[in-house]
Amino acid sequence: MAGLGYRLAASTIWAILTRAGAGPAPRRAGPTWTEFLTAQVKGVLACDFLHVDTIGLTRIYLLFLMEVATRRVHLLGATTNPTGEWVAQQARNLMLDLGERTNRFRFLIRDRDAKYTTMFDTVFRAEGIKVLRTPPQAPRANAFAERWVRTARRECLDRILIYNTRHLLAVLGEYLAHYNGHRPHQGRGQRPPDRDTVPALVTDLGAVRVRRRRVVHGLINEYEQAA
């Protein structure tokens, strides 16, 4: 139309496509991204980078991966120089750690960072896992991983000064033990990633003893019923 000398407003184009029953490009049919994740959630992995600046202004990059169905997070490694070779090696280490559980997963969601090389993708494809790249500048397409970054910062990393890589791994290791083993998740019926059941409902609070345990240098309190 522009080549013919006609200028059309975006609202006019939208109205024409809506009357024709055509959805936004490039998708014309098939499930939405949300529908896809809901249907395939048990077989989906998501990975991303989290960066942390130390008190010496050194930037450390952490590579992590999440099992979307359970929200379980794996910390793959930390480095100040995340090369493509290093990232691919962390993927190989993960496959060894997962072992036979690798067969449960069908998809890996990642962004278009250049650090994810062909070698990285090959590690997953060799196990029958299809790599899905998110659209450019679309963090919502990898929402589960992005949400964990925000959670880790709000509950842990924004409240403690990090000295070096060793200190960061120690802090996040303790936080991940809390996150995977104790922290409830609304999307899982208030169950932590590593638990399939929740404690029985308490009818008489006066008859129950509660135990508190401090973790992550006292930043977080865990509460449970005493035996």
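Quick grid of which residues meet (1) over 30 Å from H74 (Cα atoms); (2) at pLDDT below 80; (3) not charged (D, E, K, R):
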| residue | (1), (2), (3) |
| --- | --- |
| L4 | yes, yes, yes |
| L8 | yes, yes, yes |
| A15 | yes, no, yes |
| A20 | yes, no, yes |
| A25 | yes, yes, yes |
| R28 | yes, yes, no |
| P31 | no, yes, yes |
| E35 | no, yes, no |
Could you please tell me which pairs satisfy a Cβ distance under 9 Å, a separation of 6+ or placement on different chains, a first residue in the stretch 91-117 that is touching a residue at least 40 places away in the same chain (Cβ under 8 Å) and in a strand (DSSP E or B), and a second residue that is surrounded by 15 or more Cβ atoms within 10 Å (Cβ to Cβ) and among the basic types (K, R)?
I109/R133; R110/R133
Selection count where residues are surrounded by 18 or more Cβ atoms within 10 Å (Cβ to Cβ) and either in contact with a Cys (Cβ under 6 Å, 6 or more places away or on another chain) or within 19 Å of L37 (Cβ to Cβ) (or both), scope the stretch 90-117:
6
Limited to the stretch 35-88, what total is found for residues that are under 13 Å from I109 (Cα atoms), out of contact with any helix residue (DSSP H, G or I) (no Cβ under 8 Å at 6 or more places or on another chain) and in a helix (DSSP H, G or I)?
4
Which of the residues belonging to the stretch 188-213 are more than 21 Å from R72 (Cα to Cα) and modelled with pLDDT of 85 or more?
R212, R213
Among what's in the stretch 118-130 and is among the hydrophobic types (A, V, I, L, M, F, W, C) and part of a helix (DSSP H, G or I), pick the residue that is surrounded by the fewest Cβ atoms within 10 Å (Cβ to Cβ).
M119
Quick check on the stretch 47-55. Is at least one of its residues in contact (Cβ under 8 Å) with a residue 60 or more places away in the chain, more than 24 Å from A141 (Cβ to Cβ), surrounded by 18 or more Cβ atoms within 10 Å (Cβ to Cβ) and out of contact with any Phe, Trp or Tyr (no Cβ under 7 Å at 6 or more places or on another chain)?
no
I'd like to verify a number: residues in the stretch 87-107 that are touching a Lys or Arg at 6+ places or on another chain (Cβ under 8 Å) and modelled with pLDDT of 95 or more, how many?
1
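The values are calculated or read from the model by the stated rules, or taken from the named source; none is laboratory data. The model shown is predicted, which means the values in this text are computed figures rather than measured ones. Cβ: placed from backbone, ideal geometry, glycine included. Neighbour counts: every protein chain shown.
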